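What follows is a set of notes on a single structure, which appears directly below.
The values are calculated or read from the model by the stated rules, or taken from the named source; none is laboratory data. Quick caveat: nothing in here was measured; it's all calculated off a predicted structure. Glycine gets a Cβ as well: all are built from the backbone with ideal geometry, and neighbour counts include every protein chain shown. SASA here: full protein model, heavy atoms, side chains in, ligands and nucleic acids out. Shrake-Rupley method; radii C 1.70, N 1.55, O 1.52, S 1.80 Å.
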Amino acid sequence: MISIWSNDTTISSREQLHGDIKVDVAIVGAGLAGVLIAYFLQKKGYNPVVLEASHIGSGQTKNTTAKITSQHNLIYDKLISKIGIEKAKQYADANQKAIIEYGKIINEFNINCQFENKSAYLYSTTETESLKKEAEAASKLGIPAGFTVQTSLPFPVAGAMIFRDQAQFHPLKFLDAISQKVNIFENTAVKTIDKNNIKTDNGIVTADYIVFATHYPFINIPGYYFLRMHQERSYVLALKNAVNIDGMYLGIDDNGLSFRNSGNYLLLGGGNHRVGENNAGGKYEFLRQKVKNYYPNSKEIAYWSAQDCMTIDNVPYIGQYSSGTPNWFVATGFQKWGMTSSMASAIIISDLISCGKSEFEDVFAPSRFNPAASLNILFEEGKQAVKGLSKRIFYIPKEHLQNIDNSHGGVIEYNNQKVGVYKDDKGKAYFIDLKCTHLGCQLEWNPDEKSWDCPCHGSRFDIRGNIIDNPAQASLNNKFRMKNQDAQEKEL
Ligand SMILES: Cc1cc2nc3c(=O)[nH]c(=O)nc-3n(C[C@H](O)[C@H](O)[C@H](O)COP(=O)(O)OP(=O)(O)OC[C@H]3O[C@@H](n4cnc5c(N)ncnc54)[C@H](O)[C@@H]3O)c2cc1C
Ligand code: FES
């Protein structure tokens, strides 16, 4: 199902690249981050081009909940204790500035994108201590924060932490307007990059500077982003006839929910999990159960899901891609806070390219490595990848084709091979090779999305093996699928 944003907005399409070109800056990826970076560079006198594999906004940006806030779950108290007040303040300032920039741009061009100032709340039904500590930490950094027990949630809370003067909007209406101001080639997937040369199937782009805004960077070495990021997925329902909620809410307890209004609709989010770890499914059902309790008279009008990149110290990677590539830049690891992080990326990267420095560069520098903040998690990421790889190589599936029900998927042994299979509602089977085309981990079935998801770094594939989400760049092995598909059809 598509999001309410995609349902009412079509961004006008652009030409493919045709032939070789030379530019000062090339940005790969036309999501919110890539388009804003291009817009900021253009304002500084550059002539950037954006290369987009599919369509503008067709990645995670079309499925966000679009809260524009510097309230990024519980973060400021942790940042102050782990990296110190100076860098914590850089983080707060960059995100607060991002909110102001949205207001300025929307005003300047009179963009009709349902931009509204709202307060943001973190709530808990069980405790208040961490919320009070967070409010104190955020206030210390200059954010208009406080603690309250008053909310418009449909259940009582122990307490809530409020950030005032935050905002929300319609992400695709904004992206539509701003993307018209920059030069973008669609259906132009970048295949490889060698120094200043970007190779696509439609031509080579030679650029003085290259910016990766592809959500998850797809060049593994240098950069090694696959060692320091995984992806998490969450689910959203849009409801009509639900009570209008005043503000944007996020629960900090286990299974905490997200709430915001958009016009007459209420968006309810939750069901978070690491990509590749949703074998049992039931995430939409979990949300629908909450709707029955809290908004029994409402009607579901849309459901969708999205995923985002999570870094090892909970701070995005924005800046130089790697020490050996001084003219490559990256904006990734947005932790499900990509509205402000995309704007912060545009501010930082346009400053780094135009004058070699940014007032916010230290805290977001991809080259940082704070062992105290990240060693344990780095170890966890490594363990997860080893698990994903060894499962593919050593694990022998117990199931056989006849045990898979219609409309279900699973890993089976078939013709002495381990394969993934999905049976549609008529019993037709779709086989896939379980080897992720990124770095080879075993894919896992996600019954909520009917997709094959990778637990290592979060790539996803549909039932036919076509790629849906990166960092993988290629669909699953085609010959394998056909061989088994033919065999199975004969058998049926
Ligand atoms: C459920 C959910 C709710 C969220 N809600 C919020 C919220 O309320 N507030 C908030 O701040 N954030 C939120 N986020 C996070 C936010 O949606 C994302 O961080 C943001 O949309 C990411 O934007 P992006 O431009 O980095 O990536 P994308 O929008 O994914 O754009 C990347 C683009 O790169 C292109 N691309 C990839 N590879 C190539 C290639 N090789 N060549 C050319 N192009 C390529 C893709 O096609 C895509 O268009 C949420 C995330 C989730 C999962
Ligand atoms: S996403 Fe990296 S191995 Fe699958």
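Data for the structure
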quantity	calculated
Coordinate range along principal axes, alpha carbons of region 97-200, Å, largest first	54, 36, 29
List 226, 431, ordered by accessible area with a 1.4 Å probe, largest first	226, 431
Of 62/89; 132/357; 104/181; 82/357; 97/140; 78/195, those spanning more than 27 Å from alpha-carbon to alpha-carbon	62/89; 132/357; 78/195
Within the accessible area of region 133-196 (1.4 Å probe), percent carbon and sulfur	46
³J(HN,Hα), Karplus 6.51/-1.76/1.60, whole Hz, each residue of region 276-293, x for Gly, Pro	x, 10, 9, 4, 6, x, x, 5, 5, 5, 4, 5, 5, 5, 4, 4, 4, 6
Accessible surface of region 247-293, 1.4 Å probe, proportion on carbon and sulfur as whole %	40
In order through region 343-349: 3J(HN,Hα) via Karplus (6.51 cos²θ - 1.76 cosθ + 1.60), integer Hz, x for Gly, Pro	5, 4, 4, 5, 5, 5, 5
Nearby aspartates and glutamates by direct alpha-carbon distance to residue 118 (threshold 12 angstrom, same-chain neighbours under 8 apart not counted)	165, 246
Built amide H within the under 5 Å cut-off of residue 399, gap 5+	413
Nitroxide proxy distance, nm - points 7 Å out along Cα→Cβ at residue 8 and residue 204	4.7
nm² value of the averaged projected area, convex hull over the Cα atoms of region 206-323	10.5
Solvent-accessible surface ranking, highest first, for 126, 325 at 1.4 angstrom	126, 325
Nonlocal amide H pairs with residue 188, under 5 Å, H built at 1.01 Å	52, 53, 54
Three-way shape call for region 23-87 based on the alpha-carbon gyration tensor, with the a/c threshold at 1.5	oblate
Residue-by-residue Karplus 3J(HN,Hα) for region 22-35, coefficients 6.51, -1.76, 1.60, Hz, glycine and proline x	10, 9, 7, 10, 10, 10, 9, x, 10, x, 4, 5, x, 5
Ranking by accessible area, most exposed first, for 134, 361 with a 1.4 Å probe	361, 134
Of all accessible heavy-atom area on region 15-103, the percent that carbon and sulfur account for (1.4 Å)	49
Residue-normalised accessible area of the chain, given per residue in Å² at a 1.4 Å probe	42
Radius ratio Rg over Rh of the chain, counting only Cα atoms, Kirkwood formula for Rh	0.96
Sequence-distant residues sharing a close amide H with residue 408 (under 5 Å, placed H)	423
Partner lysines for residue 418 [C-alpha distance under 20 Å; skip if fewer than 8 residues away on the same chain]	387, 391, 398, 428, 435, 450, 479, 483, 490
Percent RCO, i.e. relative contact order, over the chain, from Cα pairs under 8 Å lying at least 6 residues apart	16
Helix-only [θ]222 nm of the chain, DSSP H runs n ≥ 4, -39500 (n - 2.57) each, per residue, nearest 500	-9000 deg cm²/dmol
